[in-house]
Amino acid sequence: MSRPMGDSHKRFLQTMMSNGIISSVQAKALHRHCCETHGAHFSPDRLEEFIDVINTHLQPMFMHIRKGMSEEDGAQHYALVNMAETDITRMSSDYADNELELFRKTMDLILDSESGTASSTDLLNCADRLQTKKMKKKETEHVLNKFVQDKWLHEKQGEYTLSTRCIIEMEQYIRTVYQDLIRLCHVCHNIVLQGQICENPECGIKMHYYCVARYFKGRIDPHCPSCSDFWAHEIPGLISRPPKANREAEL
């Protein structure tokens, strides 16, 4: 018999429904807040067990709180995922048909690129060739901004990539539709879009930047973990995160 959901679990779920995705640090702070607010027993090392109770009750509704990693810094996140809709149709209630077509084309460009990104110029060109209804430049920029605000895309200096939320929620869709394009990180074995690739053409493994930083940390003479060739790329430093108080205040 499954454990019943208390008010602390319900408050946690309400916040997840409102945010869509939260960082691991935020989840831990939220777990404490929900338990203390409703007088429930709080144990900091039982977050996963706490979420498992919620997931048991979400199962009949084909919903699930799933954990994933940020490609930017390797930080863990939790996203509320609709398990019944495994593709872009999950976004149909929030976007018009031509906006969904633009998102599909954005995914095509990102997943077909070695860098895991798509430029704003390429996306503007795509919008002018949509089959459903073409978009003008200003409208396209507005829709792209909406994708970013809704946490489906991440934008930096005119380059777009899939957000942490998108990768977590659409992982199965990505693995099925783009199975010939995607690579799995040699270190963490998750989908890797942005990272470094071994320059040995007979090897070609790919690793997230943060996995590269962690794997080669403290090594003066880095070599590929697969083929042992010299790792010719610059080794990125481990990304420092903001102070804990600042991260918890983001909730």
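The values are calculated or read from the model by the stated rules, or taken from the named source; none is laboratory data. This is a predicted model, so every value here is computed, not measured. Cβ coordinates were reconstructed from backbone atoms using ideal geometry, including for glycine residues, and neighbour counts include every protein chain displayed. Only protein heavy atoms, including side chains, enter the accessible area calculation; ligands, DNA and RNA are left aside. Shrake-Rupley method; radii C 1.70, N 1.55, O 1.52, S 1.80 Å.
With Cα atoms defining each centre, the range 1-54 and the range 123-167 are spaced 33 Å apart in the structure. Cross-link partners for residue 10 among the lysines, with Cα-Cα distance under 22 Å and sequence neighbours closer than 8 places in the same chain left out: 28, 67. Computed over protein heavy atoms with a 1.4 Å probe, the accessible surface of the range 13-67 works out to 55 Å² per residue. With semi-axes defined as the square roots of five times the eigenvalues of the C-alpha gyration tensor, the equivalent ellipsoid of the range 7-82 measures 19, 16, 10 Å, largest first.
The equivalent ellipsoid of the chain has semi-axes of 32, 27, 17 Å, largest first, where each one is the square root of 5 times an eigenvalue of the Cα gyration tensor.
Using the charge dipole of the range 183-239 (Lys, Arg: +1 at Cβ; Asp, Glu: -1 at Cβ; taken about the Cα centre), state which of 195, 210, 236 has its Cα farthest towards the positive end. The one lying farthest along the dipole's positive direction is 210.
Our estimate of slack between residue 131 and residue 219, defined as 0.36 nm per intervening residue step minus the Cα-Cα distance, is 26.6 nm.
Among 99, 72, 48, the residue with the largest mean-square fluctuation in a Gaussian network model of the chain, with springs joining Cα atoms closer than 10 Å, is 48. Using only side-chain charges placed at the Cβ, +1 for Lys and Arg and -1 for Asp and Glu, the dipole size of the range 25-167 relative to its Cα centre rounds to 360 debye. Only Cα pairs under 8 Å and 6+ residues apart enter the sum, and on that basis the relative contact order of the chain stands at 16 percent. Scaled to the globular estimate 2.2 N^0.38 Å, the Cα spread of the range 66-151, given as radius of gyration, is 1.18. Carbon-plus-sulfur accessible fraction, the chain (probe radius 1.4 Å, protein heavy atoms only): 46%. Short to long, the 10 Å bins of the Cα pair-distance histogram for the range 183-239 hold 27, 60, 13, 0 percent of all pairs.
Among 18, 70, 120, the largest mean-square fluctuation in a Gaussian network model of the chain (Cα springs under 10 Å) belongs to 18. About its Cα centre, the dipole of the chain is roughly 660 debye, where the only charges are +1 on Lys and Arg Cβ and -1 on Asp and Glu Cβ. When the Cα positions of 157, 62, 26 are compared along the charge dipole of the chain, 26 comes out farthest toward the positive end, with charges on each C-beta of Lys, Arg, Asp and Glu. Here is the P(r) of the range 86-136: all C-alpha pair distances, binned every 5 Å from 0, give 4, 21, 28, 23, 18, 5, 0 in whole percents. Rolling a 1.4 Å probe over the heavy atoms of the protein chains gives the range 156-207 an accessible area of 50 Å² per residue. The calculated 222 nm mean residue ellipticity attributable to helices in the chain amounts to -12000 deg cm²/dmol, summing -39500 (n - 2.57) over DSSP H runs of n ≥ 4 and dividing by all residues.
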